[in-house]
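Input: a single structure, listed below in C-alpha coordinates.
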Amino acid sequence: MAKAKENHTDFGFRRVPLGAKQGLVDDVFHSVARRYDLMNDLMSGGLHRAWKAALVTAVNPPRNEKAFAVLDLAGGTGDVAFRLADAGGPGTHVTVADINAEMLAVGRERAAKAKRNTEFIEANAEALPFPERSFDAVTIAFGIRNVPRIDKALAEIHRVLRIGGHFLCLEFSSVDIPGLDRLYDMYSFNVIPAIGRAVTGDAEAYRYLVESIRKFPKPATFADMIRATGFRRVSFQRLTGGVVALHSGWRL
Ligand SMILES: C[S@@+](CC[C@H](N)C(=O)[O-])C[C@H]1O[C@@H](n2cnc3c(N)ncnc32)[C@H](O)[C@@H]1O
(Lines give C-alpha, C1' and ligand atoms only; values in the text may rest on other atoms or scores of the structure.)
Protein backbone atom coordinates (compact mmCIF):
# COMPACT_ATOMS: atom_id res chain seq x y z
CA MET A 1 0.00 0.00 0.00
CA ALA A 2 2.75 2.43 1.05
CA LYS A 3 4.69 1.46 -2.09
CA ALA A 4 1.77 2.27 -4.39
CA LYS A 5 1.50 5.70 -2.73
CA GLU A 6 5.21 6.38 -3.24
CA ASN A 7 4.84 5.91 -7.00
CA HIS A 8 2.20 8.61 -7.34
CA THR A 9 2.51 12.36 -7.33
CA ASP A 10 0.41 15.50 -7.70
CA PHE A 11 -0.66 16.83 -11.04
CA GLY A 12 -2.54 19.86 -9.77
CA PHE A 13 -5.18 18.46 -7.39
CA ARG A 14 -5.12 15.02 -9.07
CA ARG A 15 -2.92 12.11 -7.96
CA VAL A 16 -1.23 10.55 -10.98
CA PRO A 17 1.44 7.86 -11.45
CA LEU A 18 4.89 9.47 -11.11
CA GLY A 19 5.81 8.34 -14.61
CA ALA A 20 2.72 10.00 -16.11
CA LYS A 21 3.23 13.51 -14.74
CA GLN A 22 5.84 14.77 -17.23
CA GLY A 23 3.66 13.91 -20.23
CA LEU A 24 0.72 15.77 -18.71
CA VAL A 25 2.90 18.81 -17.94
CA ASP A 26 4.28 18.74 -21.50
CA ASP A 27 0.72 18.79 -22.90
CA VAL A 28 -0.03 21.91 -20.81
CA PHE A 29 2.95 23.88 -22.12
CA HIS A 30 2.57 22.58 -25.66
CA SER A 31 -0.96 23.92 -25.62
CA VAL A 32 -0.12 27.39 -24.24
CA ALA A 33 3.36 28.03 -25.75
CA ARG A 34 2.32 30.53 -28.45
CA ARG A 35 0.35 32.65 -25.99
CA TYR A 36 2.53 31.99 -22.94
CA ASP A 37 4.21 35.42 -22.68
CA LEU A 38 0.99 37.35 -23.30
CA MET A 39 -0.78 35.23 -20.65
CA ASN A 40 1.92 36.02 -18.07
CA ASP A 41 1.25 39.72 -18.49
CA LEU A 42 -2.53 39.28 -18.38
CA MET A 43 -2.61 36.94 -15.37
CA SER A 44 -0.14 38.83 -13.22
CA GLY A 45 -1.07 42.35 -14.34
CA GLY A 46 2.56 42.71 -15.44
CA LEU A 47 3.90 41.77 -11.98
CA HIS A 48 5.91 38.84 -13.36
CA ARG A 49 8.26 41.47 -14.82
CA ALA A 50 9.05 42.83 -11.33
CA TRP A 51 9.53 39.29 -9.95
CA LYS A 52 11.91 38.40 -12.79
CA ALA A 53 13.74 41.71 -12.27
CA ALA A 54 14.30 40.70 -8.62
CA LEU A 55 15.71 37.36 -9.80
CA VAL A 56 18.08 39.04 -12.27
CA THR A 57 19.24 41.53 -9.61
CA ALA A 58 20.03 38.61 -7.30
CA VAL A 59 22.08 36.87 -10.03
CA ASN A 60 23.94 40.14 -10.64
CA PRO A 61 25.80 39.15 -13.82
CA PRO A 62 29.04 41.13 -14.36
CA ARG A 63 28.63 44.16 -16.63
CA ASN A 64 32.09 43.77 -18.17
CA GLU A 65 33.86 41.24 -20.42
CA LYS A 66 34.31 38.72 -17.60
CA ALA A 67 33.06 35.30 -18.66
CA PHE A 68 29.88 34.37 -16.79
CA ALA A 69 27.85 31.30 -17.71
CA VAL A 70 24.22 31.12 -16.59
CA LEU A 71 21.85 28.21 -17.02
CA ASP A 72 18.18 29.22 -17.08
CA LEU A 73 16.46 25.94 -16.40
CA ALA A 74 12.86 25.38 -17.49
CA GLY A 75 13.52 28.64 -19.32
CA GLY A 76 10.72 28.11 -21.87
CA THR A 77 10.35 31.09 -24.21
CA GLY A 78 13.53 32.74 -22.90
CA ASP A 79 11.87 35.54 -20.97
CA VAL A 80 14.28 35.30 -18.00
CA ALA A 81 17.27 34.51 -20.24
CA PHE A 82 16.85 37.72 -22.26
CA ARG A 83 16.65 39.77 -19.08
CA LEU A 84 19.83 38.10 -17.78
CA ALA A 85 21.65 38.69 -21.08
CA ASP A 86 20.55 42.35 -21.10
CA ALA A 87 21.72 42.86 -17.50
CA GLY A 88 25.13 41.26 -18.07
CA GLY A 89 28.10 42.43 -20.08
CA PRO A 90 29.51 40.87 -23.27
CA GLY A 91 31.02 38.00 -21.23
CA THR A 92 27.61 36.81 -20.01
CA HIS A 93 26.28 33.77 -21.84
CA VAL A 94 22.86 32.33 -21.05
CA THR A 95 21.85 28.74 -21.82
CA VAL A 96 18.14 28.02 -21.75
CA ALA A 97 17.25 24.40 -21.04
CA ASP A 98 13.65 23.22 -21.23
CA ILE A 99 11.94 19.90 -21.86
CA ASN A 100 9.33 21.36 -24.19
CA ALA A 101 10.25 21.80 -27.87
CA GLU A 102 7.32 24.13 -28.52
CA MET A 103 8.28 26.55 -25.74
CA LEU A 104 11.90 26.49 -26.99
CA ALA A 105 10.78 27.17 -30.57
CA VAL A 106 9.06 30.38 -29.43
CA GLY A 107 12.22 31.29 -27.48
CA ARG A 108 14.51 30.70 -30.48
CA GLU A 109 12.30 32.91 -32.67
CA ARG A 110 12.44 35.69 -30.06
CA ALA A 111 16.22 35.30 -29.72
CA ALA A 112 16.75 35.50 -33.48
CA LYS A 113 14.86 38.80 -33.60
CA ALA A 114 16.61 40.29 -30.57
CA LYS A 115 20.14 38.94 -31.31
CA ARG A 116 20.96 38.07 -27.70
CA ASN A 117 23.82 35.92 -26.41
CA THR A 118 21.57 32.95 -25.63
CA GLU A 119 21.23 29.34 -26.73
CA PHE A 120 18.30 26.98 -26.37
CA ILE A 121 18.69 23.31 -25.50
CA GLU A 122 16.02 20.64 -25.09
CA ALA A 123 16.71 18.90 -21.78
CA ASN A 124 15.04 17.38 -18.76
CA ALA A 125 15.88 19.12 -15.46
CA GLU A 126 16.15 15.66 -13.87
CA ALA A 127 19.05 14.62 -16.15
CA LEU A 128 20.96 17.62 -17.47
CA PRO A 129 23.26 17.15 -20.49
CA PHE A 130 26.02 19.38 -19.05
CA PRO A 131 29.32 18.48 -17.41
CA GLU A 132 29.88 18.98 -13.69
CA ARG A 133 30.66 22.51 -12.52
CA SER A 134 29.94 24.21 -15.83
CA PHE A 135 27.85 27.22 -14.71
CA ASP A 136 28.44 30.26 -12.50
CA ALA A 137 24.72 30.54 -11.79
CA VAL A 138 21.58 28.48 -12.35
CA THR A 139 18.13 30.08 -12.36
CA ILE A 140 14.71 28.49 -12.57
CA ALA A 141 11.57 30.62 -12.70
CA PHE A 142 8.12 29.10 -12.25
CA GLY A 143 9.53 25.79 -13.42
CA ILE A 144 10.47 23.65 -10.44
CA ARG A 145 6.89 22.84 -9.39
CA ASN A 146 6.28 21.24 -12.78
CA VAL A 147 9.17 18.80 -12.46
CA PRO A 148 8.01 15.35 -11.25
CA ARG A 149 11.13 14.53 -9.19
CA ILE A 150 12.18 17.83 -7.64
CA ASP A 151 14.98 16.21 -5.59
CA LYS A 152 16.61 14.91 -8.79
CA ALA A 153 16.43 18.35 -10.42
CA LEU A 154 17.96 20.01 -7.34
CA ALA A 155 20.79 17.45 -7.35
CA GLU A 156 21.42 18.14 -11.04
CA ILE A 157 21.47 21.90 -10.46
CA HIS A 158 24.00 21.38 -7.67
CA ARG A 159 26.12 19.12 -9.91
CA VAL A 160 26.37 21.57 -12.84
CA LEU A 161 27.18 24.61 -10.65
CA ARG A 162 30.82 25.45 -10.12
CA ILE A 163 32.09 25.77 -6.55
CA GLY A 164 31.00 29.24 -5.47
CA GLY A 165 28.10 29.13 -7.94
CA HIS A 166 24.71 30.60 -7.13
CA PHE A 167 21.29 28.92 -7.44
CA LEU A 168 18.18 31.10 -7.61
CA CYS A 169 14.65 29.83 -7.83
CA LEU A 170 11.56 31.94 -8.35
CA GLU A 171 8.32 30.11 -7.67
CA PHE A 172 4.74 30.85 -6.76
CA SER A 173 4.21 30.52 -3.05
CA SER A 174 1.45 30.86 -0.48
CA VAL A 175 -0.40 34.01 0.51
CA ASP A 176 -0.94 33.91 4.27
CA ILE A 177 -2.31 37.41 4.84
CA PRO A 178 -5.94 37.15 6.11
CA GLY A 179 -8.32 38.60 3.55
CA LEU A 180 -5.73 38.70 0.80
CA ASP A 181 -5.62 34.88 0.76
CA ARG A 182 -9.37 34.64 -0.03
CA LEU A 183 -9.14 37.30 -2.68
CA TYR A 184 -6.13 35.51 -4.20
CA ASP A 185 -8.01 32.17 -4.22
CA MET A 186 -11.03 33.76 -5.85
CA TYR A 187 -8.84 35.34 -8.53
CA SER A 188 -6.79 32.17 -9.07
CA PHE A 189 -9.60 29.66 -9.39
CA ASN A 190 -12.11 31.82 -11.26
CA VAL A 191 -10.42 34.61 -13.14
CA ILE A 192 -7.21 32.89 -14.31
CA PRO A 193 -8.88 29.86 -15.99
CA ALA A 194 -11.38 32.26 -17.62
CA ILE A 195 -8.54 34.39 -19.05
CA GLY A 196 -6.82 31.15 -20.10
CA ARG A 197 -9.94 30.01 -21.96
CA ALA A 198 -10.36 33.37 -23.70
CA VAL A 199 -6.73 33.75 -24.77
CA THR A 200 -5.46 30.20 -25.34
CA GLY A 201 -8.72 28.25 -25.62
CA ASP A 202 -7.47 26.04 -22.80
CA ALA A 203 -8.96 26.71 -19.35
CA GLU A 204 -7.76 23.30 -18.09
CA ALA A 205 -4.09 24.19 -18.62
CA TYR A 206 -4.51 27.23 -16.41
CA ARG A 207 -6.52 25.30 -13.84
CA TYR A 208 -3.50 22.95 -13.56
CA LEU A 209 -1.14 25.92 -13.15
CA VAL A 210 -3.24 27.32 -10.31
CA GLU A 211 -3.69 23.94 -8.60
CA SER A 212 0.01 23.11 -8.88
CA ILE A 213 0.83 26.35 -7.06
CA ARG A 214 -1.33 25.23 -4.12
CA LYS A 215 0.40 21.85 -4.01
CA PHE A 216 3.94 23.24 -4.01
CA PRO A 217 5.71 23.12 -0.61
CA LYS A 218 5.71 26.23 1.61
CA PRO A 219 8.92 28.31 1.31
CA ALA A 220 10.47 27.06 4.58
CA THR A 221 9.93 23.42 3.49
CA PHE A 222 11.33 24.08 0.03
CA ALA A 223 14.35 25.82 1.62
CA ASP A 224 14.91 22.61 3.64
CA MET A 225 14.83 20.59 0.39
CA ILE A 226 17.45 22.90 -1.13
CA ARG A 227 19.60 22.57 2.02
CA ALA A 228 19.22 18.76 1.97
CA THR A 229 20.66 18.74 -1.56
CA GLY A 230 23.90 20.22 -0.23
CA PHE A 231 23.40 23.92 -0.93
CA ARG A 232 24.74 26.38 1.67
CA ARG A 233 23.64 29.79 2.92
CA VAL A 234 20.10 28.95 1.82
CA SER A 235 17.59 31.79 2.20
CA PHE A 236 14.37 33.04 0.68
CA GLN A 237 12.37 36.22 0.41
CA ARG A 238 8.64 36.54 -0.16
CA LEU A 239 7.50 38.97 -2.83
CA THR A 240 4.07 40.60 -3.26
CA GLY A 241 2.59 39.37 0.02
CA GLY A 242 3.86 35.83 -0.54
CA VAL A 243 2.41 35.34 -4.03
CA VAL A 244 5.96 34.49 -5.07
CA ALA A 245 9.11 33.40 -3.19
CA LEU A 246 12.69 33.87 -4.37
CA HIS A 247 14.99 31.14 -3.01
CA SER A 248 18.76 31.39 -2.99
CA GLY A 249 21.49 28.84 -2.27
CA TRP A 250 25.20 28.47 -2.97
CA ARG A 251 27.41 25.55 -3.93
CA LEU A 252 30.34 26.04 -1.54
C1 LIG B 1 5.63 28.18 -16.23
S2 LIG B 1 6.85 27.83 -17.45
C3 LIG B 1 8.17 28.92 -17.02
C4 LIG B 1 8.92 29.44 -18.20
C5 LIG B 1 9.96 30.54 -17.87
N6 LIG B 1 10.90 30.11 -16.87
C7 LIG B 1 9.30 31.81 -17.43
O8 LIG B 1 9.38 32.15 -16.25
O9 LIG B 1 8.70 32.50 -18.27
C10 LIG B 1 7.42 26.25 -16.92
C11 LIG B 1 8.41 25.61 -17.88
O12 LIG B 1 8.92 24.44 -17.25
C13 LIG B 1 9.22 23.50 -18.28
N14 LIG B 1 9.41 22.16 -17.70
C15 LIG B 1 8.48 21.36 -17.16
N16 LIG B 1 9.04 20.19 -16.75
C17 LIG B 1 10.37 20.28 -17.06
C18 LIG B 1 11.47 19.40 -16.90
N19 LIG B 1 11.34 18.19 -16.33
N20 LIG B 1 12.68 19.81 -17.33
C21 LIG B 1 12.85 21.01 -17.91
N22 LIG B 1 11.83 21.89 -18.09
C23 LIG B 1 10.61 21.53 -17.67
C24 LIG B 1 8.00 23.63 -19.17
O25 LIG B 1 8.23 23.06 -20.43
C26 LIG B 1 7.81 25.15 -19.19
O27 LIG B 1 8.48 25.74 -20.27
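The values are calculated or read from the model by the stated rules, or taken from the named source; none is laboratory data. Quick caveat: nothing in here was measured; it's all calculated off a predicted structure. All Cβ positions, glycine included, derive from the backbone under ideal geometry; neighbour counts span all protein chains shown. Keep in mind that these areas ignore ligands, DNA and RNA; they rest on the heavy atoms of the full protein, side chains included. Shrake-Rupley method; radii C 1.70, N 1.55, O 1.52, S 1.80 Å.
Hey, does segment 163-185 have a residue that's open to solvent by 30 Å² or more (accessible area, probe 1.4 Å) and within 14 Å of the chain's Cα centre (by Cα)?
yes
In segment 55-74, which residues are of a type in the set (A, V, I, L, M, F, W, C), farther than 26 Å from A101 by Cβ and open to solvent by 30 Å² or more (accessible area, probe 1.4 Å)?
Hits for segment 55-74 are A58, A67.
Tell me which residues, restricted to segment 131-161, are more than 16 Å from D10 (Cβ to Cβ) and among the acidic types (D, E).
E132, D136, E156
Name the single residue, out of those in segment 80-100 being free of Cβ contacts under 8 Å to residues at least 60 places away in the same chain and under 26 Å from R149 (Cα atoms), that is nearest to the ligand (Cβ to nearest atom).
Residue satisfying both the conditions and the ranking: D98.
Taking segment 43-62 as the search range and keeping residues that are in a helix (DSSP H, G or I) and out of contact with any helix residue (DSSP H, G or I) (no Cβ under 9 Å at 6 or more places or on another chain), which one is farthest from the ligand (Cβ to nearest atom)?
That would be A58.
Only residues that are part of a helix (DSSP H, G or I), surrounded by fewer than 20 Cβ atoms within 10 Å (Cβ to Cβ) and either within 15 Å of the chain's Cα centre (by Cα) or among the basic types (K, R) (or both): list them for segment 224-252, please.
Within segment 224-252, R227 is the sole residue that qualifies.
Looking at segment 149-157, is at least one residue near the ligand (Cβ under 9 Å from one of its atoms), of a type in the set (A, V, I, L, M, F, W, C) and assigned to a helix (DSSP H, G or I)?
yes
Read through the list (1) in contact (Cβ under 8 Å) with a residue 60 or more places away in the chain; (2) in contact with a Phe, Trp or Tyr (Cβ under 7 Å, 6 or more places away or on another chain); (3) of a type outside the set (S, T, Y), then give the number of the only condition that R116 fails.
(1)
Report yes if some residue within segment 112-125 is open to solvent by less than 40 Å² (accessible area, probe 1.4 Å), of a type in the set (V, I, T) and closer than 17 Å to V80 by Cα; otherwise report no.
Yes, some residue in segment 112-125 is open to solvent by less than 40 Å² (accessible area, probe 1.4 Å), of a type in the set (V, I, T) and closer than 17 Å to V80 by Cα.
Tell me the helices (runs of 4 or more DSSP H) entirely within segment 175-216 that contain at least 1 residues that are farther than 18 Å from T240 by Cα.
192-200, 203-215
Within segment 65-109, count every residue that is among the charged types (D, E, K, R) and assigned to a strand (DSSP E or B).
2
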